[in-house]
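The values are calculated or read from the model by the stated rules, or taken from the named source; none is laboratory data. Given the structure is predicted, the values throughout are model-derived calculations rather than measurements. Counting neighbours? That spans all protein chains shown, and the Cβs are built from the backbone with ideal geometry, glycine included. Note: accessible area is taken over every heavy atom of the protein model, side chains too, but ligands, DNA and RNA are not part of it. Shrake-Rupley method; radii C 1.70, N 1.55, O 1.52, S 1.80 Å.
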Amino acid sequence: MLTTLRIRNLALVADLTLELRAGYTAITGETGAGKSILIGALNLVLGERAERTLIRNGSDSCSVEAVFDVSRLRAPLGRFLDEHGLEPCQDGQLLLKRTLAANGTNRQFINGSPTTLNILAALGEWLVDIHGPHDHQSLLHSGRQLALLDAFGGLDSLRANFAELVGRRCALEGEKTSLIVDEQTYAQQLDLLRHQAGEIAAANLAPEEDAALERAHRLASNAARLLELAQGALRQLSEDEHSLLSQAGMLGRTLLELKRLDPEAVCLLSLHEQAFSFLRDLQSDLSHYADKLDTDPARLQSLEDRLNLIQSLKRKYGASTADIIEFGEQARQKLEDLERRDADLERVQAELGRIDAELKRVGGELSAQRRDVVPKLSRAVAREFAGLGFKQHHFDVVLTTDSGISNLKSQIASSGFDRIEFQFAPNPGEPPRPLRAIASSGEMARVMLALKTVLAAQDDIPVLIFDEVDANVGGETAQAVGEKMRQLGEQRQVLCITHLAPVAARASAHYVVMKETKLLRTVTSVRQLDKRERVTELARMLGGQSDVARKHAEALLKK
């Protein structure tokens, strides 16, 4: 329910805060007092496009704030807020705010989070229905009418089953689209993938092969020079007349003579033996190194061929052998998937056939049950019309089933194969017309009131606002309108702007809108009336403050 509405600098309103309650609330006042400003403010905070002319003269901006108690809202509000990156509700309170600046800046907030006008409007569709001369009437939409027919007939489960089948069918259609390509493209893809996967597989690459191969090629390409250097080192070490080992032997004999003369020089001889051993090890390692050097041109050519192959693959498939291997695996997997295309397509086609058969069955059952519900809804609405001043009216629920049910289209509405139109003829001799074509706002509002009364248990929108429901009615009809408002107020929060005392008298709360002059400026204000003040206001609506009028007002409040 709407608990608080604050309006600042909007039209004739300077600063106004309304604290509202559940049930049926009547709003009255003299013609021109500014009752329509309340509707305009609600439309503004619910996402309607706004004109800068709404801003109060002399102000830079206007704002409207609305607080809703959403603790019992059936709509998936939490998921909606989360999906759009908005703050969650605290203690079941939803806060909407809209500001409009004179420079054209338009800002809107949900629970303090900035949002777009479209998101605000989408949220508003769940919260408030405004009926009258204002365009915020969800019951005029065919999709909404069909949903309410299903709710009235208890068909929501069957409808949900159909919607689930449509979702599965859409997924299969998407899979089918991805599988179907023209044969030339299909053959080209097969050839390319076979070539890529085969070329990489034939190379038989190892993940780090390129680094090892480059080192081996570097050694092979310099093998002759390396062998020359190794052999030269061996000659210097042991083969020449004055080689290091020969010189080391002479040095050893000298140190032996030194030790003989001075036994304490034994440590010098020990160091010499170690050095001589190192030279022997170096000779052995150099000999093994020289033996391993391969100067065979065929070996070098083989390494060069392998390097050239890897470089060629790198230019096509990746910067390293690991990248090439990964590309090859992906190409192989794509090739397997493509080669399975015919089998997958056959599977999808078979599944689509099963889904289509089930859709026809469920959709046909849904259509049949809807046709059974239509006359029940028509009769229920007609009973409500009888007490609303439509003595010779005609109301139709026209249900049309898609003739193409036998040939399912790729795009199927999740609501079924049916289209619906609520049609109404308020006067004898006139053919029924769609609700959206009704010219009189008073007639429109009363039709909506009748429908809302019948469908109150199924409709999820919690706040209903009626404007001009009393247009061109009076007497017993006015009494009936007021009673229906009261009945609706037992299940929904109802706000009604009315000029009729019998309609206002049935409300559990009554507000009056007044236009005053303060400091040479016109200001609109709203205040709640107590019981005595209600008698005075109802008497004014009945024609004056005579004893007769006041007694009539008191009698209306006691009913």
Taking the criterion of being among the small types (Gly, Ala, Ser) and in contact (Cβ under 8 Å) with a residue 40 or more places away in the chain, would at least one residue in the stretch 269-278 satisfy it? no
I'm checking my understanding of the structure. Among residues of the stretch 61-104 that are in a strand (DSSP E or B) and small (Gly, Ala, Ser), which one is least open to solvent (accessible area, probe 1.4 Å)? ALA66
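Yes or no: GLN545 without any contact (Cβ under 8 Å) to a residue 12 or more places away in the chain, of a type in the set (S, T, N, Q) and not in a strand (DSSP E or B)? It would help to see each step written out before you state the result.
Working: without any contact (Cβ under 8 Å) to a residue 12 or more places away in the chain: yes; of a type in the set (S, T, N, Q): yes; not in a strand (DSSP E or B): yes.
Yes: the conditions hold for GLN545.
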State all residues of the stretch 501-559 that are of a type in the set (D, E, K, R) and open to solvent by less than 50 Å² (accessible area, probe 1.4 Å); if no residue qualifies, say none. ARG506, ARG534, GLU537
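Do the conditions hold for LYS314, that is, is it charged (D, E, K, R), open to solvent by 70 Å² or more (accessible area, probe 1.4 Å) and closer than 20 Å to ARG218 by Cβ?
Working: charged (D, E, K, R): yes; open to solvent by 70 Å² or more (accessible area, probe 1.4 Å): no; closer than 20 Å to ARG218 by Cβ: yes.
It is false that LYS314 is charged (D, E, K, R), open to solvent by 70 Å² or more (accessible area, probe 1.4 Å) and closer than 20 Å to ARG218 by Cβ.
Residues in the stretch 271-317 that are of a type in the set (Val, Ile, Thr) and outside any helix (DSSP H, G or I): how many?
We begin by selecting, within the stretch 271-317, every residue of a type in the set (Val, Ile, Thr); these are 295, 310.
Subsequent filtering for residues that are outside any helix (DSSP H, G or I) retains 295.
The number of residues fulfilling the criteria is 1.
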Please note which helices (runs of 4 or more DSSP H) are completely contained in the stretch 179-243 and include at least 1 residues that are modelled with pLDDT of 75 or more and within 53 Å of the chain's Cα centre (by Cα). 183-203, 209-221
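In this structure, is GLN479 open to solvent by 40 Å² or more (accessible area, probe 1.4 Å), modelled with pLDDT of 80 or more, farther than 30 Å from ARG361 by Cα and part of a helix (DSSP H, G or I)?
Yes; evaluated as a whole, the condition is true for this residue.
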Please list, ordered by first then second residue, the pairs with beta carbon atoms under 9 Å, 6 or more apart or interchain, first in the stretch 30-57 and on the phi > 0 side of the Ramachandran plot, second in a helix (DSSP H, G or I) and open to solvent by less than 70 Å² (accessible area, probe 1.4 Å). GLY47/LEU117; GLY47/ILE119; GLY47/LEU120; GLY47/ALA121; GLY47/ALA122; GLY47/LEU123; GLY47/GLY124
Looking at (1) within 20 Å of ILE39 (Cβ to Cβ); (2) surrounded by fewer than 20 Cβ atoms within 10 Å (Cβ to Cβ); (3) not aromatic (Phe, Trp, Tyr), find the lone condition where LEU464 falls short. (2)
Contact list, first residue from the stretch 415-428 and at pLDDT 85 or above, second anywhere and acidic (Asp, Glu), beta-carbon distance below 6 Å, six or more apart or interchain, is PHE417/ASP402; GLN423/ASP396
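Report whether or not SER320 is in contact with a Pro (Cβ under 9 Å, 6 or more places away or on another chain), open to solvent by less than 50 Å² (accessible area, probe 1.4 Å) and within 21 Å of HIS217 (Cβ to Cβ).
Details: in contact with a Pro (Cβ under 9 Å, 6 or more places away or on another chain): yes; open to solvent by less than 50 Å² (accessible area, probe 1.4 Å): yes; within 21 Å of HIS217 (Cβ to Cβ): yes.
Taking the combined requirement at face value, the residue satisfies it.
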When LEU5 is run through (1) over 22 Å from GLN528 (Cβ atoms); (2) touching a residue at least 24 places away in the same chain (Cβ under 8 Å); (3) buried (at least 19 other Cβ atoms within 10 Å of the Cβ), the failure sits at (1)
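Residues are listed down the side, and each one gets a yes or a no for (1) among the hydroxyl-bearing types (Ser, Thr, Tyr); (2) surrounded by 16 or more Cβ atoms within 10 Å (Cβ to Cβ); (3) touching a residue at least 60 places away in the same chain (Cβ under 8 Å):
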| residue | (1), (2), (3) |
| --- | --- |
| LEU123 | no, yes, yes |
| LYS176 | no, yes, yes |
| TYR186 | yes, no, yes |
| ALA201 | no, no, yes |
